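Since the structure comes first, as structure tokens, the remarks are kept for the end.
The values are calculated or read from the model by the stated rules, or taken from the named source; none is laboratory data. If you're wondering where the values come from, they're calculated on a predicted model, not measured in any experiment. Backbone-built Cβ (ideal geometry, glycine too); neighbour counts: all protein chains shown. All accessible areas refer to the heavy atoms of the entire protein, side chains included, with ligands and DNA or RNA removed. Shrake-Rupley method; radii C 1.70, N 1.55, O 1.52, S 1.80 Å.
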Amino acid sequence: MQIDRRMMLGGALGAAMMPALSPAQAAAQQSGLGGAVTAWPPADHIRLWPGRAPGASRVLPRPDFTMNGTPPRRELHLRGVLDPVVGIYRAPQPDGRALLAIPGGGYRFISVENEGINVARTFNPLGVTVYVLGYRLPGEGWAEPQDVPLQDAQRAMRLVRARASTDGFEPTKLGIVGFSAGGLLAASLSVAHDDPVYTKVDAADEGSARPAFAGLVYPVVSGDVMRVGKDAAGRFDTARRIRRDSPPVFIAHAIDDPVVPLAQPLSMMQACQTAGVPVEAHFFQEGGHGFGPAYLPAELPGSRWPDLFDRWMKRTLAAPRAA
């Protein structure tokens, strides 16, 4: 990404048919950024909450969707998410697998194009139906801010899983992939999918939010690093909450990442090994941070992580389940 996520993470870390432009996107186009604006949400999407989202206050965030960077890495960022949604990107030849993609951005913005829409562009041709989560940011005035991203992630998993027969995937083959701060949310969903963080809304909330597997790409895994709300270090120190029945984990990380220290994914790998949770980890010499599924040059081995993840997903889903 062109924006320096070291600033976004704060002091702790040093395709489908598109609808007409939303007011936020129109404002971005008129703000002097120039060029095409990526539409969000796509025409095919799910609203997470039928009314106001949990923890809404009198003063709600104002949508601020902007294009950032320069070609070929010009991309859409979301701030001020008032009405969180899941964008649906269907595989032309679905094979029964589905992914909830959780973009990062330091919980200060959402890198929805690089780490969401581009995930769909990469994995749809491989047979995977992709759902992209545009979640609320915890620092934008919501009550119980430490729970806000997890509220949206749990609700998204339950709503998506309830659509399995309609959307043509198997509910037991619904996994997640998260990037950077979205990796923290993906890891949190893996270990805290049953934490009671919102009041049930409808029948979908009777279903499970547990992912079948979790892909963590240059992930933050410790809540004390993000310092979101209260009790973040305890509830969202995800490596410490790994148990034998946690979902299998795939990790991809560049050793030269200047934003997320190598110790973060290493701690998750070690926790999985200790607990007996299947884990596969790829640590690449070069790649930096924020490369998503499409930004690394082909000559770098890290550019192959989507293929490695695809193979790992198939192998993991085909493996016999532990009793």
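Counting charges near residue 288 (Lys, Arg +1; Asp, Glu -1) among other residues having Cβ under 9 Å from its Cβ returns a value of -3. Couplings 3J(HN,Hα) for segment 138-146, derived from phi with the Karplus relation 6.51 cos²θ - 1.76 cosθ + 1.60 (θ = phi - 60°), are x, x, 10, x, 7, 5, 6, x, 5 Hz, where x marks Gly and Pro.
Remark: spin-label model distance residue 93-residue 121 equals 2.2 nm, labels positioned 7 Å along the Cα→Cβ axis. Return, ordered by residue number, the residues of segment 254-280 whose backbone nitrogen is under 20 Å from a label point located 7 Å along Cα→Cβ of residue 300. It comes to 254-266, nothing else. Give, as a single signed number, the net charge of other residues whose beta carbon lies under 13 Å from the beta carbon of residue 243, with Lys and Arg counted +1 and Asp and Glu -1. Value of the local net charge: +2. Our Cα-only numbers for segment 252-294 put the radius of gyration and Dmax at 11.2, 33 Å. Taken one residue at a time, the phi angles of segment 156-173 give Karplus couplings (6.51, -1.76, 1.60, θ = phi - 60°) of 4, 4, 5, 5, 5, 4, 5, 9, 3, 5, 5, 8, x, 10, 8, x, 7, 10 Hz. Gly and Pro are set to x. Sorted largest first, the principal axis extents computed over the alpha-carbon atoms of segment 120-196 equal 37, 25, 20 Å. Over the C-alpha trace of segment 35-169, radius of gyration and Dmax come out as 14.8, 45 angstrom. The calculated pair-distance distribution of segment 129-279 uses every alpha carbon pair, bins of 5 angstrom beginning at 0, and gives 2, 10, 20, 23, 20, 15, 7, 3, 0, 0 percent. Distances between placed amide hydrogens fall under 5 Å for residue 81 paired with 137, all partners being 5 or more residues away or on another chain. Accessible area per residue was computed with a 1.4 Å probe on protein heavy atoms; residue 245 scores about 110 Å². In segment 66-104, whose amide N lies under 11 Å from the spot 7 Å out along Cα-to-Cβ of residue 201? List them in ranges. So the set is 83-86. Counting only Cβ charges, +1 for Lys and Arg and -1 for Asp and Glu, the dipole size of segment 166-323 around its Cα centre is about 420 debye.
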